[in-house]
Structures are given as C-alpha cells and as structure tokens.
Amino acid sequence: MARSMILGINQRRTFRKLLGNSRSRLYRMAYAWTHNPHLADDLVQQTLCKALSSQKQLKDPGAAEAWLFRILSNCLKDYYRAKREVLSAEELVIVDNRTPEHESEEQQLVRKVRRAVRKLPLPQCQVITLVDLEGFTYATVAEVLEIPVGTVMSRLCRGRRSLREFLTDIRPQPESVRTAKLIGIK
Amino acid sequence: MKKDEHYSEEQLNAFVDGELDPEEKSRLYNESERSPDLDHRLCRQRKIKDLVQHAYKDVPPPSRSGGKPLTRTGFLGRMIAAGFLIAIGLSAGILAHQYLDQRQISAGPVTATAALPVQEIDKYLLHIVSGEPEQMLAALEYATHLLESAGSGEVRQVEIVANERGLDLLRSDITPYATEIAALQQNNVVFYACSRTIQRLEEKGVTVQLVPLTNPNYTALDRVVTRMQQGWKYEKI
C-alpha cells in the first residue's frame with residue numbers, strides 16, 4: 001500500500017516534470033499554429049490542465065510527447081469550434097506590429113516566413129511545424145493529428161509547395177540580381 | 001539531361017525529413033551527386049525546412065500585462081463571465097449577501113497576495129466543480145505544476161475555488177487531499193469554498209467543516225467573475 005502510494009507520488013512528480021519540460025515546446029507549436037501569443041499561452045494552459053486530469057489515459061509513458069501535442073491540437077480544434085471563425089487579421093497583428101525599417105534582415109526573414117506559414121491552411125501548417133520544429137516522424141505526426149501517414153505526406157507536400165511559392169522572393173537568384181536579403185540564408 | 005522527375009516530391013520530403021531507410025537514402029544521395037537537377041530539388045526542399053526552423057527558433061513569449069487572451073481565459077472566459085454576470089445580476093441580494101461578510105476571512109494568504117506587484121505576476125484561478133478524486137487531484141497537481149514551472153524571476157499566484165461537488169475537496173471530513181492542500185497553502189495558494197454551495201448543504205442539514213485557512217466568504221461565481229475581470233487566467237477542471 002505504502003509502496004504503491006510512493007510509486008504514485010513519484011509517477012505524478014515525473015509526469016509534472018514532463019509537463020514542465022514540454023511547456024515551452026508546446027507553446028512554440030501553439031504559436032506556430034496561431035501566431036497569437038495570448039491564444040498560444042491559453043492553449044498550452046488548457047493542454048497541461050487536460051493532461052493532468054486525464055493522465056491515467058496515458059498508458060505508454062514513451063508516447064507522452066505525442067499525447068501532449070495531440071491534446072494541444074484538440075484544444076485548438078475546440079477553440080475554433082467554439083469560435084466558428086478563423087482569427088481575424090486584426091487579432092493576428094498583435095505580434096506583427098513592427099515596421100520593416102526597424103527590423104534587421106534576420107527579423108525580416110523571420111517575419112516573412114511566419115507570414116507565409118500563416119497563409120497555409122491549418123492542417124498543412126500543423127504537419128509542417130510538427131515535422132520541422134519538433135522533428136516528429138511521419139508516424140508520430142499521424143498519431144498526434146489522428147490522420148493516416150499518407151495524409152501527413154500529402155499535406156506536407158502541398159504545404160511545402162505553397163511555402164515555396166509564398167517565399168519566391170527569397171529563392172536564390174543569379175549573382176547579378178541577388179539582393180542583400182539573401183546574405184543571411186545558408 | 002533528363003529531369004529527375006521520377007523522384008516524387010513525397011520522396012524528396014522523406015529524404016529531407018530522415019524518413020527513408022538507409023538503402024533508399026544512399027541511392028538518392030548518390031544520384032543527387034550525379035544529377036544537379038535532383039540536387040537542386042533536394043536543396044529546395046531542405047531550404048524550406050530550414051527556413052521554417054529558423055523562423056520559429058525564438059517565439060515571442062506571451063505578454064503578461066498586455067493584451068487580452070482569447071480562449072477560455074479570454075473568448076470563452078468572456079462568455080462565461082457574461083453568463084455569470086447575468087446570473088449574479090438576477091440573484092443579487094437574495095443569496096450572496098446573506099453570506100458575504102458573515103464568516104471570518106482567513107487573512108494570511110489573501111493579505112500576502114495583495115502585497116505582490118500586480119504587473120509582473122502570472123495569476124491563475126482554477127475552478128473545481130467535480131467531486132471525483134481524480135479531478136480534485138488534477139486541480140492540485142496543476143496548481144503545483146504552475147508553481148514549480150515558474151521561471152527564475154517569474155512570480156505565479158494561484159487560487160483554487162471549489163463549488164458544487166467540488167466543495168468536497170475542501171471539506172475536512174471528506175477530502176482525501178488535506179495534506180496536499182496544506183502544502184499548497186504554504187506556497188500561498190488560496191482556496192475558496194463557495195458560500196452558496198455551503199449554504200445549500202447547510203439548508204439540507206449538512207454540517208460543513210472546511211480545511212483550515214479556506215476562505216468561505218465568496219460565491220464561486222463571484223470569485224470567477226471578479227478574478228477574470230482583474231485579468232486572471234481561468235481554468236475549469
């Protein structure tokens with residue numbers, strides 16, 4: 001009895017540690033999906049809360065990360081379902097209020113890429129960011145988003161193709177017409 | 001030169017994302033050495049990946065004192081708050097006032113939190129309505145997590161309000177978590193027992209005994225609305 005209680009306490013402590021370690025990554029992902037720091041923060045908060053209240057559903061501790069990101073994805077779905085509309089441009093401007101004159105080239109590039117990612121349909125954005133930012137395998141992404149692996153691959157393909165189109169102006173150009181913007185890209 | 005269109009974009013993505021098995025990977029790699037066109041296509045895919053990684057290397061932290069959040073704490077929260085305000089408006093003076101100020105306020109934690117600087121504190125109100133021990137534990141653990149995960153120089157203030165079946169969490173003769181509650185109280189977590197729920201129980205002849213330092217002077221609705229108006233983050237468990 002005492003042993004199982006101690007085990008329970010240790011497991012809960014480990015679980016809380018996992019949540020603590022995952023918080024910033026969950027936030028980054030939520031931010032990449034919404035581009036709104038407040039919304040991202042709220043989503044992470046809800047994710048952690050839901051994770052704690054349903055931690056018994058997590059049978060395999062090795063799958064904890066995918067499980068957390070799945071909760072995050074479901075929280076976002078719930079949010080859109082409740083709101084029934086995509087975030088307005090006004091709300092998204094919150095993080096985008098800098099003017100190009102005050103930005104370094106690096107900041108401009110970051111902003112340009114984020115703007116391109118924001119233009120993607122959410123399902124493509126989710127797949128790309130889960131693969132690129134978290135380094136999840138296609139199988140894990142499929143598990144997180146509860147879709148087939150084939151769908152992951154096709155969404156990734158369409159998403160990256162769109163990004164290429166949105167980012168045409170930072171595609172490498174011939175030396176004679178290359179602009180300073182390209183210097184920062186390796 | 002023949003274009004390497006026989007490699008689909010999916011295959012190139014799989015190469016870039018490390019999804020190919022070693023044999024396929026070597027074959028594609030060797031072929032890209034021989035084919036500038038294939039090499040260019042691979043570079044193009046990798047560049048998109050690199051750009052995405054670069055763009056989200058550092059993301060802006062949420063402003064602690066600035067704009068309004070948008071989900072439960074904000075958008076849904078505002079809806080909840082609006083509903084609560086209507087409910088409170090309709091019942092004003094009937095129930096809540098009977099209990100407000102009748103009971104002794106446990107001054108310790110409330111006074112302590114009032115002295116903290118407002119601008120630099122993350123404030124969370126957790127609301128427990130469930131009598132399920134697992135849900136109660138989740139609320140306590142989330143509070144613990146919030147305190148433990150605060151970064152250096154970051155201050156977090158947490159309050160827990162319990163009503164309906166959730167009040168069992170704070171009833172000294174029922175709660176399975178008196179020790180956990182005491183530990184959180186030592187970390188300045190304030191617990192509120194809904195005065196209206198207590199009243200209802202007492203009307204049924206139930207004697208409500210609360211764990212020490214629980215504040216029984218507010219209704220849950222009042223606490224939630226007040227704290228949300230003050231910009232606290234709200235989470236119902």
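Is there a pair in A:Lys59/B:Lys236; A:Lys50/A:Lys119; B:Lys123/B:Lys236; A:Lys17/A:Lys50 whose C-alpha atoms are over 18 Å apart, and which pairs would that be?
A:Lys59/B:Lys236; A:Lys50/A:Lys119
Quick one: 3J(HN,Hα) in Hz for region B:198-208, Karplus 6.51/-1.76/1.60 with θ = phi - 60°, rounded, Gly and Pro as x.
In residue order, the calculated couplings are 4, 4, 4, 5, 5, 5, 8, x, 8, 8, 9 Hz.
Note down the net charge around A:Arg13, summing +1 for each Lys or Arg and -1 for each Asp or Glu among other residues with Cβ under 15 Å from its Cβ.
Value of the local net charge: 0.
Can you bin region A:104-146 into rounded, prolate or oblate? Criterion: square roots of the alpha carbon gyration tensor eigenvalues sorted a ≥ b ≥ c, rounded for a/c under 1.5, prolate for a/b above b/c, oblate for the rest.
Taking the square roots of the gyration eigenvalues as a ≥ b ≥ c, region A:104-146 is oblate.
Run a plain Debye calculation on region B:9-55 (Cα atoms as equal point scatterers, no solvent) and give log10 I(q)/I(0) at q = 0.30 Å⁻¹, rounded to two decimals, same order as the q list.
For region B:9-55, the Cα-only Debye profile gives -1.12.
Starting from the 7 Å offset along Cα-to-Cβ, what nm value, one decimal, do you get for the label separation of B:His40 and B:Glu132?
About 5.9 nm, to one decimal.
If you count, for every residue in A:32-43, the Cβ atoms of partner chains within 10 Å of its Cβ, what is the mean?
Rounded to a whole number, the mean comes out at 6.
Per-residue counts of other Cβ atoms within 10 Å, averaged by peptide: what ranking do you get for A:55-61, A:116-122, A:138-144, A:35-41, highest first?
Descending packing order for the listed peptides: A:35-41, A:138-144, A:116-122, A:55-61.
Per residue of B:131-137, how many C-beta atoms from partner chains lie within 10 Å of its own C-beta, taken as a mean?
2
Throughout, read-outs are computed from the coordinates displayed, never taken from laboratory work. The structure displayed is predicted, hence computed values, not measured ones. Every residue, glycine among them, receives a Cβ derived from its backbone with ideal geometry; neighbour counts consider all protein chains shown.
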